[in-house]
Amino acid sequence: MTKVLLSLHVLAAILAVGSITVAASMFPRYALQASGGQDARAASIAALLHKICRGYAVAGLAVPVFGIATGAALGVLTDAWLIASLALTLIAAAILAMAILPGQQRLLALAQGSPAQDGPRPTASRLTMLTGIFNVLWAIVVILMIVRPGSTTGA
């Protein structure tokens, strides 16, 4: 059962987090091109990238669920590397939910000429920075999952 849980955890991470990483990284470029409402193609691409980020954010909830189940099956829930990974995952999820997705939505609204929404005025460069932080957090989590400091399995 542990191998099945681990497989599902890794697949969910690759499919969900990988998709968000790529789509969120591409979004600012197309949102910037779409600003001013002059490039309808760029606006459509930006809208699609935002939709991908939103959809895979929901699917991404499976990553920590399968991760915790795998950790429980392996008896490592109290290991420092797993606790650190969970904390970084929580921080990455908060950045995605509270900054990246709303920022994308506000940039899309500005590109479509909609009136300003509540919240800070988004910029493509700020969104690029937040997406970079999100991506680095996930890279650190992957490294922790591979290296597993203190592991007795020889990694």
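Here are some notes:
- Dipole of the chain, positive direction: furthest Cα of ALA43, VAL65, LEU101, with charges on the beta-carbon: ALA43
- Unit charges on C-beta of K, R, D, E only; dipole of the chain, Debye: 220 debye
- For peptides 15-24, 1-10, sequence by mean Cβ density within 10 Å, most packed first: 15-24, 1-10
- Helix 80-95 vs. the chain, principal-axis angle (Cα, 0 to 90°, nearest 10): 10 degrees
- Zone residues, the stretch 122-137, relative to SER25, backbone N less than 19 Å from point 7 Å out along Cα-to-Cβ: 124-137
- Computed from label points 7 Å out along Cα-Cβ, the spacing between ILE14 and LYS51 is 2.6 nm.
- Atom-type composition of the exposed protein surface of the chain places 70 percent of the accessible area on carbon and sulfur (1.4 angstrom probe).
- In Å², nearest 10: area of ILE146 left accessible to a 1.4 Å probe: 110 Å²
- Euclidean distance between Cα centres, the stretch 66-84 to the stretch 125-149, Å: 19 Å
- Evaluated at q = 0.13, 0.19, 0.21 Å⁻¹: base-10 log I(q)/I(0), Debye formula over Cα of the chain: -0.63, -1.06, -1.23
- For the chain, the longest principal axis of the alpha carbon atoms and the long axis of helix 62-74 meet at an angle near 10°.
- The chain: angle of helix 18-34 to the longest principal axis, Cα-based, in degrees nearest 10: 10 degrees
- Helix-only mean residue ellipticity at 222 nm for the chain, each DSSP H run of n ≥ 4 adding -39500 (n - 2.57), per residue, nearest 500: -24000 deg cm²/dmol
- Estimated FRET transfer efficiency (GLN112, VAL58; beta-carbon r; R0 30 Å; 0.05): 0.80
- Per residue, the accessible area of the chain comes to 57 Å² when a 1.4 Å probe rolls over the protein heavy atoms.
The values are calculated or read from the model by the stated rules, or taken from the named source; none is laboratory data. Source: prediction; values computed, not measured. Every residue, glycine as well, gets a Cβ built from its backbone with ideal geometry; the counts of neighbours run over all protein chains shown. Heads up: the accessible areas ignore ligands, DNA and RNA and are worked out on the full protein's heavy atoms, side chains in. Shrake-Rupley method; radii C 1.70, N 1.55, O 1.52, S 1.80 Å.
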